[in-house]
Amino acid sequence: SLSKNDDGKLLTMNQDEKSIINQIGSIFVSQLPVLCLILSLAIFFGKKFEGWCTATSIYYCWTTLATVGYGDYSPQSQPMRLFAVFFIPFSVAIAGEMIGRIATIFANREEARAEQRFLARELTMQDLIVMDTDNSGEVSFNEFLTFMLVTMQKVEQDTVDELKVVFTGLNLDGSGTIKKDDLILAVKKRKEQKLGNRTA
């Protein structure tokens, strides 16, 4: 028999799979008008200029969309070749865009799972040492937050360092917080710099 924990995992997996199916379905629905247009053009030109039946025209269309290109059916007439010059790149681009969006769905799912596994794991002493950037022996919330965001690749370390420089530049009284006094000091500092530039 399955435990409650196993039941919870199965429920989560089922919801996850349903979500992916819904997202993929929405991609196909959003592209349905374009796909119908491509299919209709392939059928029309295939019948008119190559003498293909509907099934053959559909086969040619989907092998082109899938970039398979068996070559068993290819344009022979000049008008169909001219059509193919525009049809093939356009249809392949549409197929590539759809495949890219579907791949993004699975990539996002794997990224979310990796984040969940990371958040669920236990912290180690090495983690605490890395977090303690000021070597105080304690980890503050800011240090913890910075470590987690950088490790989970939500933000680059360079960005964090740049923001720290900006904060330090605004924290003129060195209190560790930004207050109205800091803004007043910043205004005075800018005025002094302007006066210094004029007298120079």
**Request:** Look through the stretch 127-182, keep the residues that are β-branched (Val, Ile, Thr), open to solvent by 70 Å² or more (accessible area, probe 1.4 Å) and assigned to a helix (DSSP H, G or I), and return whichever of them is nearest to residue 115 (Cα to Cα).
**Result:** 130
**Message:** Which numbered condition in (1) within 29 Å of the chain's Cα centre (by Cα); (2) among the acidic types (Asp, Glu); (3) farther than 30 Å from residue 58 by Cα is the only one that residue 138 fails?
**Reply:** (1)
**Request:** State whether one or more residues within the stretch 189-196 are open to solvent by 80 Å² or more (accessible area, probe 1.4 Å), in contact with a Leu (Cβ under 9 Å, 6 or more places away or on another chain) and free of Cβ contacts under 8 Å to residues at least 24 places away in the same chain.
**Result:** yes
**Request:** Could you run through the stretch 81-126 and say how many residues are within 18 Å of residue 151 (Cβ to Cβ), over 28 Å from the mean Cα position of the chain (by Cα) and part of a helix (DSSP H, G or I)?
**Result:** 2
**Request:** Report, ordered by the first and then the second residue, all pairs with beta carbons closer than 8 Å, sequence separation of six or more or different chains, a first member in the stretch 118-135 that is free of Cβ contacts under 8 Å to residues at least 12 places away in the same chain, and a second member that is part of a helix (DSSP H, G or I) and surrounded by 11 or more Cβ atoms within 10 Å (Cβ to Cβ).
**Result:** 132/143; 134/143
**Message:** Would you confirm, using the coordinates I've provided, whether residue 67 is part of a helix (DSSP H, G or I) and either in contact (Cβ under 8 Å) with a residue 60 or more places away in the chain or β-branched (Val, Ile, Thr) (or both)?
**Reply:** no
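Return the only residue of 142, 135, 108 being modelled with pLDDT of 85 or more, closer than 30 Å to residue 34 by Cβ and not small (Gly, Ala, Ser). Show your work before the answer.
Numbers: 142 fails: closer than 30 Å to residue 34 by Cβ; 135 fails: closer than 30 Å to residue 34 by Cβ.
Every option except 108 fails the conditions.
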**Message:** Any residue in the stretch 43-54 that is touching a residue at least 24 places away in the same chain (Cβ under 8 Å) sitting within a Cβ distance under 7 Å of a residue that is assigned to a loop (DSSP other than H, G, I, E, B)? List the pairs, counting only those 6 or more apart or interchain.
**Reply:** 46/52; 49/77; 50/75; 50/76; 50/77
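Which members of the stretch 70-99 meet the condition of being surrounded by fewer than 12 Cβ atoms within 10 Å (Cβ to Cβ) and either without any contact (Cβ under 8 Å) to a residue 12 or more places away in the chain or in contact with a Phe, Trp or Tyr (Cβ under 6 Å, 6 or more places away or on another chain) (or both)? Explain how you work it out, then say what you get.
In the first step, residues of the stretch 70-99 are kept if they are surrounded by fewer than 12 Cβ atoms within 10 Å (Cβ to Cβ); the result is 70-72, 76, 78, 85-86, 89, 93.
Of everything in the stretch 70-99, those that are surrounded by fewer than 12 Cβ atoms within 10 Å (Cβ to Cβ) and either without any contact (Cβ under 8 Å) to a residue 12 or more places away in the chain or in contact with a Phe, Trp or Tyr (Cβ under 6 Å, 6 or more places away or on another chain) (or both) turn out to be 70, 71, 72, 78, 85, 86, 89, 93.
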**Asked** Would it be correct to say that residue 104 is open to solvent by 60 Å² or more (accessible area, probe 1.4 Å) and within 24 Å of residue 56 (Cα to Cα)?
**Response** no
**Request:** Mind listing whichever residues of the stretch 145-174 are modelled with pLDDT of 85 or more and touching a helix residue (DSSP H, G or I) at 6+ places or on another chain (Cβ under 6 Å)?
**Result:** 146, 147, 150, 155, 157, 160
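The values are calculated or read from the model by the stated rules, or taken from the named source; none is laboratory data. Note that the structure is a prediction, hence the values are computed from the model and not measured. Backbone-built Cβ (ideal geometry, glycine too); neighbour counts: all protein chains shown. Only protein heavy atoms, including side chains, enter the accessible area calculation; ligands, DNA and RNA are left aside. Shrake-Rupley method; radii C 1.70, N 1.55, O 1.52, S 1.80 Å.
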